[in-house]
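Okay, structure first, notes after.
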Amino acid sequence: MTTEQKEFVRATVPVLKEHGVALTTYFYNRMLTHNPELKNVFNSANQRTGAQPTALAMSVLAYAEHIDNPGVLTQAVGRIAHKHVSLDIRPEQYAIVGKHLLASIREVLGEAAGPELMDAWTAAYNQLAQILIGAEANLYQGSVDKEGGWSSWRPFVVRQKVRESAEITSFYLYPTDGGKVADFLPGQYITVRLFVPELNVLQPRQYSLSCAPNGNYYRISVKRESGDQQRPAGYVSNMLHHQVQEGAILEVAPPAGDFTLDMDKTSPAVFISGGVGLTPFMSMLEYLIQAGKDRPITWIHGCRGYEVHAFKDTVSELSDRHGVMSVHTFYDQLEDQTQDNYYEGYVDLSKVKDAIVPQADYYICGPGIFIKKHFDYLRSEGVDASAIHFEEFGPAILVVA
């Protein structure tokens, strides 16, 4: 990109801050109208709630703000690349996205989108596309090179369904070809794709792997999303709970994700989860124990109550086996006030005496508001931001600093 083109891109930052979501909402509507086959790629619920357009708007804004040095966005680019690989996004689809994104800029901005501005954004988009395509090519190749690895979609059979709580059920997935499955880093996820008759499209969903790598199967633990005034009931989660039975075949993409446990560290680890956010930590915990790691662990989990508390007994058993682990549980309403290390109310790190541990790494998983609350608290207690790792389920719209 030329210096002049970068200046034009930077000049759109105020517009993106004020109208970015309107622009990206227009873009998605335009693209999915002209290329309806892409409805099989995008999460329809995130489109309806506006989460996907918001996430894209924030990404475009960050790119425009750092157009002089896109290298500072390496972590964000890596996270996007993992998500794209999990959805089997391919290089040729970038041409479609670019066509509609640039057309949306021109149509939304109108006369303000002069030839120089459009040339600048064309160059900027092509630069970003090449960065992502390169990162994704490496991830695809890495998946294929692993023993038991593959690219795109692979059929798996549901061998077991296990009820973990009133809302969460585990699915044990084995490849139908009888082969091995690729190892993964504890904390990663896989994508499951189902045909949803009500929408007449395929719908992909990412679910954290909730077991340690074992070479034979994957386990996902899925919360049945009942829906509320803000968000409709989950099509795929309800199909998995009510319609997908043992013996059913599911399409699965290879493991992906950058929210992972550093398996070489020996310093303390603090896991902080809300609701179904404990699933990636189950993988991390099982790995640490199976690998014989004596890394000190503090486990902090919050949910509404006993009936929806998944893996309660499993975590207790693993804690006993580990020996250097403390478990703290928060319920919205506590029925038994005499239990040690149980607290009433939302997760509050100030109530956990061993929540702040010197040289610890902190892993947080849950809704965006949950993550931000605990990130801000840890920072206020002097924890360095580099020691705080988090995963926001759904499109990443959280900004913390």
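Quote the relative contact order of the stretch 226-332 in percent (integer), defining contacts as alpha-carbon pairs under 8 Å separated by 6+ residues. Working shown, then result.
Details: 94 pairs, mean separation 25.0, N = 107.
Reported as a whole number, the value is 23 percent.
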*Cβ-placed point charges (K, R +1; D, E -1), dipole of the stretch 280-401 about Cα centre in debye, nearest 20*: 320
_Charge dipole (the stretch 269-392, unit charges on Cβ, about Cα centre) - positive-most of 362, 273, 326_ = 362
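Rounded if a/c is under 1.5, else prolate if a/b is larger than b/c, else oblate: which is the stretch 134-217, with a ≥ b ≥ c the root eigenvalues of its Cα gyration tensor?
Oblate shape, in that a/c is at least 1.5 and b/c is the bigger or equal ratio.
Hand me the GluC sites (Glu not before Pro) from the stretch 215-300 located in a DSSP loop with no more than 13 other Cβ atoms within 10 Å, in residue order please. Let's see the in-between values first.
Details: sites: 225, 246, 251, 286; in loops: 225, 246.
Hits after loop and neighbour filter: 246.
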*Taking Cα pairs under 8 Å and at least six residues apart, what relative contact order does the chain come out at, in percent?*
15
*asked:* Once each part is reduced to its C-alpha centroid, what is the distance from the stretch 1-33 to the stretch 253-322 in angstrom?
replied: 40
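For the stretch 169-274, just say rounded, prolate or oblate: build the C-alpha gyration tensor, square-root its eigenvalues into a ≥ b ≥ c, call rounded for a/c under 1.5, and beyond that prolate if a/b exceeds b/c, oblate if not. All intermediate terms of the calculation are to be shown ahead of the outcome.
Numbers: a/c = 2.36, a/b = 1.35, b/c = 1.75.
Note, shape of the stretch 169-274 comes out oblate.
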*Along each of the three principal axes of the Cα atoms of the stretch 269-392, give the extent in whole Å, ordering the values from largest to smallest.*
36, 33, 25
*Rounded to a whole number, what is D in µm²/s for the stretch 212-289 from Stokes-Einstein with the Kirkwood radius over alpha-carbon pairs (10 °C, 1.306 mPa s)?*
104
*asked:* So the label point goes 7 Å from the Cα of residue 228 along Cα→C-beta, right? Which residues of the stretch 147-186 then have their backbone N under 14 Å from it?
replied: none
*Sort the stretch 245-322 into rounded, prolate or oblate with this rule: let a ≥ b ≥ c be the square roots of the eigenvalues of the Cα gyration tensor; rounded if a/c is under 1.5, and if a/c is not under 1.5, prolate when a/b is larger than b/c, oblate otherwise.*
oblate
*Quick one: of 265/373; 161/223; 161/293; 265/293, which pairs are farther than 20 Å apart, Cα to Cα?*
265/373; 161/293
*Once you put a point 7 Å from the Cα of residue 119 and another 7 Å from the Cα of residue 312, both along the Cβ direction, what distance in nm separates them?*
6.7
*Sort out for me the Cα centre separation of the stretch 343-374 from the stretch 167-209, rounded to whole Å.*
29
*Please give the net charge around residue 304, taking every other residue with its beta carbon less than 11 angstrom from that of residue 304, where Lys and Arg add +1 and Asp and Glu add -1.*
-3
_Taking the stretch 3-145 and dividing mean pair separation by its residue count, relative contact order in percent (alpha carbons under 8 Å, at least six apart)_ = 38
*Mind checking the angle between helix 13-34 and the chain's longest principal axis? C-alpha axes, 0 to 90 degrees, to the nearest 10.*
90
*May I ask for the angle, rounded to the nearest 10°, between helix 74-86 and the longest principal axis of the chain, with both axes built from Cα atoms and the value confined to 0 to 90°?*
80
*Given labels modelled 7 Å from the Cα in the Cβ direction, how far is it in nm from residue 265 to residue 99?*
4.5
*Would you mind computing Rg(Cα) / (2.2 N^0.38 Å) for the stretch 1-115, counting N as its residues?*
1.08
*Dipole-positive endmost among 389, 302, 29 within the chain (Cβ charges, Cα centre)*: 29
*Find which of 202, 234, 249 sits farthest along the positive direction of the dipole of the stretch 154-256, computed with +1 on the beta-carbon of Lys and Arg, -1 on that of Asp and Glu, about the Cα centre.*
249
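Determine, for each peptide in 185-197, 375-387, the mean count of other beta carbons within 10 angstrom over its residues, then list the peptides with the highest first. Provide the component values of the computation, followed by the final result.
On the way: 185-197: 19.9, 375-387: 13.2.
Peptide ranking by packing, descending: 185-197, 375-387.
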*Note down the magnitude of the dipole of the stretch 154-256 about its Cα centre, charges +1 on Lys and Arg C-beta and -1 on Asp and Glu C-beta and zero elsewhere, to the nearest 20 debye.*
120
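So how strong a dipole does the stretch 186-341 carry about its Cα centre when Lys and Arg Cβ are +1 and Asp and Glu Cβ are -1, to the nearest 20 debye? Kindly include the intermediate steps, with their values, before the conclusion.
Working: 12 positive and 18 negative charges, 81 e Å.
About 380 debye.
None of the figures in this text is laboratory data; all of them are computed from the coordinates on show. Being a predicted model, the structure only gives us computed values, none of them experimental. Using ideal geometry, Cβ is built from the backbone for each residue, glycine included, and neighbour counts are taken over all protein chains shown.
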